[in-house]
Amino acid sequence: MKLQDLDVIITAPPAPGWGGRYWILVKVTTNTGITGWGECYASSVGPDAMRAVIHDVFDRHMAGENPENIELMFRRAYSAGFTQRPDLTVIGAFSGLEIACWDILGKDRDRPVHALIGGRMNDRIRAYTYLYPQSGHALPAFWSDPDMAAESAVQAVAQGYTAVKFDPAGPYTIRGGHMPAMHDISLSVAFCKTIRDAVGDQTDLLFGTHGQFTTAGAIRLGSAIAPYSPLWYEEPIPPDTPTELSKIAAQVPIPIAVGERLSTKIEFADALRNGASILQPALGRSGGIWETKKIAAIAETYNAQVAPHLYAGPIEWAANVQLAASIPNILMAETIETPFHKALIKNSIRIENGYIPVPTAPGLGFDVDEDLARAHPYTDDGLHLQMQEEPIGYHGVNTFAGGAPVKT
């Protein structure tokens, strides 16, 4: 069996666009006619350029290869052009293609992917959700309104979720770390207090930031919200300063979670050495399923846990679930429930009372509605996520619109 054909589909989820402006789906077919699906979570170049990168990585390192040879293909991509270091764009391309290889191998052997990477450790995976606006919640007001956030949290609890994430501390910018405005600290405290008052101990609070603070600013903010006992403090500083995490971990009594923007075991090991205790790999960026299995094993040696990140489509989510099924140190997995997410994989993976039952179907465990994916092409020129160029202000709250693109 050899890898033979590749198709790349750029799909734009309809409004409101939860999961980003577009999803990069890859369809890989072998010479024996087996098709595997993957998803690339990479956004440092535009989708047309990324499509070319994916084709180059496939043609250069994978075409004609046995899909079993995951390690060999990874080392080719990782070392390409005399690098042997994490290259976000190349490894992002490889990650989606690698996921597709596991889908192929599972289908070829009539086994779910988790059975091929250590077997089933967990029958169900604890899910968490971001707090999204409910019916009657106005945008963009929702993103800066603790009462609306609390109403959304109550609804999530009613659906069975035991962990909810929110990020009221303002936007990320291209300028690196900044000191949070007092308005943003006060709003963050109000979010934590109001949500905690609304849900009590029925759900964990997951406090999200996006690497936007200086080390000192992250300590100030973390200390302010600590009385509400968040389960984690997500990516408090930029990912290019991993050694600074240790200072935050030493002074803020909230577990530090990082990983959405990290790639390969090299960068995740740095995070662990510097105080991260919860890893959030995005499998479409971190190196794929096999590389992230290694990341999870390294985390075990630090008594750390894994909570796969998701701000993408349901194919990356399916890969996250297969990995989570096979590791002992899974904490939970992010989920995004929209009709489009569900329809794209024909409702073949679901959430039941706050947990994801691990699928037993071959491969990644889903069927793709390929016609639906192709019926929603991306026609804009924006990146999947875009950083703010102007600095934040200090005369009022700095509203962050939840990472969602503006759609009608």
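The values are calculated or read from the model by the stated rules, or taken from the named source; none is laboratory data. Remember, it's a predicted structure, so these values are computed and weren't measured experimentally. FYI the Cβ positions are ideal-geometry reconstructions off the backbone, even for glycines, and counts take in every protein chain you see. Please note that ligands, DNA and RNA were not included when accessible areas were found on the heavy atoms of the full protein model with its side chains. Shrake-Rupley method; radii C 1.70, N 1.55, O 1.52, S 1.80 Å.
Structure data summary
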item	result
Selection from region 332-361 of residues that are open to solvent by 30 Å² or more (accessible area, probe 1.4 Å), assigned to a loop (DSSP other than H, G, I, E, B) and on the phi < 0 side of the Ramachandran plot	GLU337, SER348, ARG350, ILE351, THR360, ALA361
Count - residues of region 243-254 that are in a loop (DSSP other than H, G, I, E, B) and open to solvent by 50 Å² or more (accessible area, probe 1.4 Å)	1
Which listed residue is modelled with pLDDT of 95 or more, closer than 18 Å to PHE366 by Cβ and not β-branched (Val, Ile, Thr), from LYS27, LYS2	LYS27
Looking only at region 93-118, and only at residues there that are more than 23 Å from the chain's Cα centre (by Cα) and in a loop (DSSP other than H, G, I, E, B), the one that is nearest to ILE34 (Cα to Cα)	ASP110
Every residue from region 288-321 that is open to solvent by less than 10 Å² (accessible area, probe 1.4 Å), of a type in the set (Val, Ile, Thr) and in contact with a helix residue (DSSP H, G or I) (Cβ under 6 Å, 6 or more places away or on another chain)	ILE289, THR292, ILE295, VAL306
Condition check for GLU235: over 22 Å from MET332 (Cα atoms) and of a type in the set (Asp, Glu)	no
Counted residues, region 156-182 - those being in a helix (DSSP H, G or I) and in contact with a helix residue (DSSP H, G or I) (Cβ under 8 Å, 6 or more places away or on another chain)	1
Subset of region 368-404 that is in contact with a His (Cβ under 9 Å, 6 or more places away or on another chain) and open to solvent by 50 Å² or more (accessible area, probe 1.4 Å) - its residue that is farthest from GLU98 (Cα to Cα)	HIS395
Pair list, Cβ under 7 Å, 6 or more apart: region 294-307 residue within 17 Å of ILE256 (Cβ to Cβ) and assigned to a helix (DSSP H, G or I), other residue of a type in the set (Ser, Thr, Tyr) and open to solvent by less than 60 Å² (accessible area, probe 1.4 Å)	ILE295/SER286
Every residue from region 255-269 that is of a type outside the set (Gly, Ala, Ser) and either open to solvent by less than 30 Å² (accessible area, probe 1.4 Å) or over 15 Å from the mean Cα position of the chain (by Cα) (or both)	PRO255, ILE256, VAL258, GLU260, LEU262, THR264, LYS265, ILE266, GLU267, PHE268
Filter result for the condition that a residue is closer than 30 Å to TYR302 by Cα and either in a helix (DSSP H, G or I) or touching a helix residue (DSSP H, G or I) at 6+ places or on another chain (Cβ under 7 Å) (or both), over ALA401, ALA373, ALA324	ALA324
Only one of GLY118, GLY106 that is touching a helix residue (DSSP H, G or I) at 6+ places or on another chain (Cβ under 6 Å) and over 22 Å from GLN4 (Cα atoms)	GLY118
All positions within region 247-266 that are in contact with a strand residue (DSSP E or B) (Cβ under 9 Å, 6 or more places away or on another chain) and farther than 23 Å from GLY313 by Cα	ILE248, ALA249, VAL252, ILE254, PRO255, ILE256
Looking only at region 133-168, and only at residues there that are among the hydroxyl-bearing types (Ser, Thr, Tyr) and more than 21 Å from ILE349 (Cα to Cα), the one that is least open to solvent (accessible area, probe 1.4 Å)	SER152
Pair list, Cβ under 7 Å, 6 or more apart: region 108-131 residue open to solvent by 40 Å² or more (accessible area, probe 1.4 Å), other residue in a loop (DSSP other than H, G, I, E, B) and of a type in the set (S, T, N, Q)	ARG126/THR162
Candidate set from region 183-229 (those that are within 12 Å of ASP167 (Cα to Cα) and outside any helix (DSSP H, G or I)); member that is most open to solvent (accessible area, probe 1.4 Å)	HIS210
Residue in region 270-278 that is touching a Lys or Arg at 6+ places or on another chain (Cβ under 9 Å), open to solvent by 10 Å² or more (accessible area, probe 1.4 Å) and closer than 20 Å to SER95 by Cβ present	no
Strands (runs of 3 or more DSSP E) completely within region 1-92 that count 3 or more residues being surrounded by fewer than 20 Cβ atoms within 10 Å (Cβ to Cβ) and out of contact with any helix residue (DSSP H, G or I) (no Cβ under 8 Å at 6 or more places or on another chain)	3-11
Lone unmet requirement of (1) of a type outside the set (Asp, Glu); (2) open to solvent by less than 40 Å² (accessible area, probe 1.4 Å); (3) outside any helix (DSSP H, G or I); (4) at negative phi for GLY365	(4)
